1. Of all the residues that make up segment 481-494, how many are in contact with a strand residue (DSSP E or B) (Cβ under 9 Å, 6 or more places away or on another chain) and surrounded by fewer than 17 Cβ atoms within 10 Å (Cβ to Cβ)?
2. Arg197: farther than 23 Å from Tyr44 by Cβ, open to solvent by 10 Å² or more (accessible area, probe 1.4 Å) and of a type in the set (Lys, Arg), yes or no?
3. Scan segment 313-328 and give yes if some residue there is under 29 Å from Val18 (Cβ atoms), of a type in the set (Lys, Arg), at pLDDT below 95 and not in a loop (DSSP other than H, G, I, E, B), otherwise no.
4. Among the residues that make up segment 176-189, is at least one of them within 27 Å of the chain's Cα centre (by Cα), at pLDDT 95 or above, among the aliphatic types (A, V, I, L, M) and within 13 Å of Gln248 (Cβ to Cβ)?
5. Give segment 252-274 a look and list any residue that's within 23 Å of the chain's Cα centre (by Cα), open to solvent by 40 Å² or more (accessible area, probe 1.4 Å) and of a type outside the set (S, T, N, Q), or say none.
6. I need the full set of residues from segment 113-123 which are part of a strand (DSSP E or B) and either surrounded by 14 or more Cβ atoms within 10 Å (Cβ to Cβ) or touching a helix residue (DSSP H, G or I) at 6+ places or on another chain (Cβ under 8 Å) (or both), in order please.
7. What tally of residues in segment 292-320 results from selecting those that are among the acidic types (Asp, Glu) and at positive phi?
Amino acid sequence: MAAGLDAATPPARADEAVTPVNSYLVITGSGWGHGIGMSQYGAYGAAVAGLSYREILAFYYPGTTLASLKAGNTIKVWVSADTDSMLNVVPEKGLRVRDSAGAKATLPTGSRYRQWRIVRSGSKRVLQYYSTAGVWVRKTVALDSGRVWSFDNPTRAIVKLRLPGGGNRDYRGSVALRFYGSGARTVNTVPMEDYLRGVVPSEMPTEWAKAAVQAQSVAARSYAARFQANPQLSIYDLCDTISCQVYQGQDYETSGGNAAVAATADRILKAGSAIALTMFSSSNGGHTASGGTSYLVAKPDPYDGRMKNQKWSTWFSSTAVEQRYPAVGSLRSVRVSARDGAGAWGGRAETVVITGSRGTVSVSGAAFRAAFGLRERLFAVYGGLKPGTGNHERWQGELGGTTGRLGGPSASEVKVAGGLFAPFEEGELYWSKATGSRRLSGRAASVYRSAGGPAGTLGFPTADVKKTSTGTLSRFQHGTITCLTGGGCTVRVS
């Protein structure tokens, strides 16, 4: 779904062009997914903070109201894993085949019948079973072969679907072979509440706080009902993958998921008289993105990072960029040329410009994200650190990378006074062969830079900045910097 800007979103801005350092680029970002609507980690953080599922939904979908979906509603879901244009099921007591006019036939069991299937033959359906002789045998039944055929089992209320390549998956309700183009697709028709029992655990860990799982249940139900009112195709309402929302049938149900579905039975969100498009993603990185409606708005999210730091980083070489965009030639720079204003670094990347020796390519932030497997469009591009340097190894290892005490890079690593300097969101690293990689932060780092940094009289730091009973102490090759809590800093050169 396309995301637009709401009235409160700042205008898009452009970053400076970033030149690779040592032929490497670093990408630092936050969040996972599109960031529109509810953050699942945010719902978890909000629940732990004491919000009810109603309050969580009101925060992520402001202006919507809770309403009731008609009880007993059923939904049609495309089972995308069944890719062979046939419908195969495992024989079980009570299994039957039906046509869309209501005619039905209970299927025999026993060792003779190893598997049942419905196949397409021109514009007709044919029923077959797999015999002990290892061949498919046609079974005549009194059904209208021009109508839709399906399997169901009133004895168990579950049909065991056989997937291509082996493996079974249990589905509540019925499974039908619906014609699609010259082939066919498997469609599960299932009561909405039973459908949700297979969705919620596939979308969120159901051992999380109850209010979060309940909010997920309402969001998932509303999302499905919205598609049901506006089906993807005439033969089904929505798919079972992340392109819609993940649904994996009865096998994936959990007690926690079932309890959350039951506690919110038939509850949906509405925006006016319409069912709300309740989009959600894993994490919004601390700021929701606009979905272009009055209730999918861009705003800061104080709950998203409460239970987990959502920052991440990755790096790749100039060669990787050149291979992905060969028209540019040898890579010279990468620039985020437009952002949406929603979040850190000026917001999510709208447009990225890649410049090389032979030309320039402009791509969307979403395309750049997909090209390099990034988690979100909420990211910044830097020209270092090169993997293997002392600062990089310490930052990613001992200091925890972007989720650690320094956060992500705030600019490129640069050579200075025979060593390396790397600035981060929460501090700095200085490396030289003699001293190794050392960390500075706060006022000590600011005073050190003002004194000339490694090129000044103090030289490189010989230890990390250290807290004392009165403030902080930083040691250098040729002196110290002492900062008092609430007071000034003193530089001593030895």
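The values are calculated or read from the model by the stated rules, or taken from the named source; none is laboratory data. Keep in mind that what you see is a predicted model, and the values were worked out from it rather than measured. Neighbour counts are summed over all protein chains in view; Cβ atoms, including those assigned to glycine, are modelled from backbone coordinates with ideal geometry. We work out accessible area using only protein heavy atoms, side chains counted, and drop any ligands, DNA or RNA first. Shrake-Rupley method; radii C 1.70, N 1.55, O 1.52, S 1.80 Å.
1. Residues in segment 481-494 being in contact with a strand residue (DSSP E or B) (Cβ under 9 Å, 6 or more places away or on another chain) and surrounded by fewer than 17 Cβ atoms within 10 Å (Cβ to Cβ): 8 in total.
2. So Arg197 fails the test.
3. no
4. no
5. Tyr252
6. Selection gives Gln115, Trp116, Arg117, Ile118, Val119, Arg120.
7. So the count comes out to 0.
One line per residue, one yes/no per condition, for (1) farther than 30 Å from Leu277 by Cα; (2) acidic (Asp, Glu); (3) out of contact with any strand residue (DSSP E or B) (no Cβ under 6 Å at 6 or more places or on another chain):
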position: Thr74; (1), (2), (3): no, no, no
position: Met86; (1), (2), (3): yes, no, no
position: Val89; (1), (2), (3): yes, no, no
position: Ser100; (1), (2), (3): yes, no, yes
position: Arg112; (1), (2), (3): yes, no, yes
position: Ser123; (1), (2), (3): yes, no, yes
position: Gln128; (1), (2), (3): yes, no, no
position: Val137; (1), (2), (3): yes, no, no
position: Arg147; (1), (2), (3): yes, no, no
